[in-house]
Each structure stands twice: as C-alpha cells, then as structure tokens.
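Participant: Please find one structure pasted underneath; my questions will follow.
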Amino acid sequence: MLSSEDDNEYKPSIRSLDTSDESARSSDNGYSLSSEEKEDGRIWCRHVVSEDCMLPPPPLFPFTGNPGISIDQDTADMTPLDFFSLLCNNRIIDRVVDETDRFAEQTGERDCMWRPVTKAEICVFFALKMLGGIVKMPDQEMNWSKDELLERPIFRKLISLKCHNKIKQYLHFVNNETFDAETHPNPKLYKVYDV
C-alpha cells in the first residue's frame, strides 16, 4: 500500500503533460522552431491577390420558373386534407392499396392475421404517421397505450395496433414481380419510382 509520502514524491514533468500537436510534430520530424520563428509565424499579414490570377466566377443562369406547386384553385378556402390530396391523390392511394395487398399475398401466404387493406385504412395509416411525427413517442406502440400519462385515444379510435403493424409490415408501392433491374430507368429507386 502506498503511503502519503509516496504521493508527495510524484511530480509530473511538464513535457509529459504537453499534448499539443506542435510537440508531436516537432518530435516526429526532429526539427524544432526557435522562439523567433514561432513569433514570426503568428504575425498576420495582408496577402494581395491580383485579378489576373483569379479564376472568373461561374456564369449565372437566371431562374425563370415559378417556384412552388401550381394550383388552379383558390387556396384560401382549402383545408389541410385538400392540400394533402394535391400531393397524394386517389390514384396513388389506389395504387398503394393494390400493391400492399399483392405484396401481402406474395410474401404472407401463411399469415392468418392479414386481410385485404382498404383505401380508408391506408389514409388513416398515413395520417397517423404524420401525427406521430408531430408528437413523438420513444416507441410507436406507446401511441396505443392505455396509460393515462401516455394515452392518445385518437390512435386507438381510428385503427388497432395489430392492423397498423400489419399494414406497416406489408406496405408496398410497386409490383416486385414486374421489376427488371436491366430495363428499369433507376433501379435503386424502383420501390417508389412509380409513385
């Protein structure tokens, strides 16, 4: 066991405490700077660059388009659902319903819990995903909790947790059987390319 006298005898050297990059560089290459050279290196000076040696800036291309979504109707009376419908219309929802059902049939033949999904269930699924992004829970299943502190009854009212998880398990946007990596214009995005 060490005595208190042993503690007093230990004196760290200054060199062992120096962890700067400069000490590492100077010890690596065997070259050290004198104090005058160190001081000169810290003096700021103005560097003048002539226009002859500067590259010309890239040409500016004016933006001539209209930014944003082009809507042919008055947006003052539109609801959030109307705006969502502009981006995700009935054609897309029908496609998601068809492809989700097809994917469930292809992969989940032995899944007795699966039943064909409806258009309303897909819309509710997307709505709850958006709502879950606004008020975040550590675990998505907490949205269906019956605990008074965590309770969000709208989730349980709209769709059961089992149904939500089954839709999430089989959610699909394209038919996997018709995919060909050789002919597809962008094979990395094929799962969402058509949507």
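Participant: Which residues does a label at Ile92 reach in the range 55-86, if reach means a backbone N under 17 Å from a point 7 Å past the Cα toward the Cβ?
Facilitator: Output list for this probe position: 68-72, 79-86.
Participant: Sticking with this one: If R₀ is 22 angstrom, what is the calculated FRET efficiency for the pair Ala127 and Arg102, using the beta carbon separation as r and rounding to 0.05?
Facilitator: With R0 = 22 Å, the Cβ-Cβ based efficiency is 0.45.
Participant: Short version: what are the Cα gyration tensor semi-axes of the range 59-195, square root of 5 times each eigenvalue, largest first, in whole Å?
Facilitator: Square roots of five times the eigenvalues give 30, 26, 15 Å.
Participant: With a cap of 16 neighbouring Cβ atoms within 10 Å, and only residues DSSP puts in a loop, list the GluC sites (Glu not before Pro) found in the range 125-195.
Facilitator: Glu148, Glu151, Glu182
Participant: Then there is this: Across the range 65-81, in residue order, what do the Karplus-derived ³J(HN,Hα) couplings come to in whole Hz, using 6.51 cos²θ - 1.76 cosθ + 1.60 with θ = phi - 60° and x for Gly and Pro?
Facilitator: In residue order, the calculated couplings are x, 9, x, x, 7, 8, 10, 8, 10, 6, 8, 5, 9, 7, 8, x, 5 Hz.
Participant: In debye to the nearest 20, how big a dipole does the range 113-195 give about its Cα centre with +1 on each Lys and Arg Cβ and -1 on each Asp and Glu Cβ?
Facilitator: 300 debye
Participant: Which of the GluC sites (Glu not before Pro) found in the range 56-123 are loop residues per DSSP with 11 or fewer other Cβ atoms within 10 Å of their Cβ?
Facilitator: Glu109
Taken together, the values in this text are just the output of simple stated rules run on the coordinates, not laboratory data. Just so you know, these numbers come straight off a predicted model, no measurement behind them. Here the Cβ is made from the backbone with ideal geometry for all residues, glycine too, and neighbour counts use every protein chain on show.
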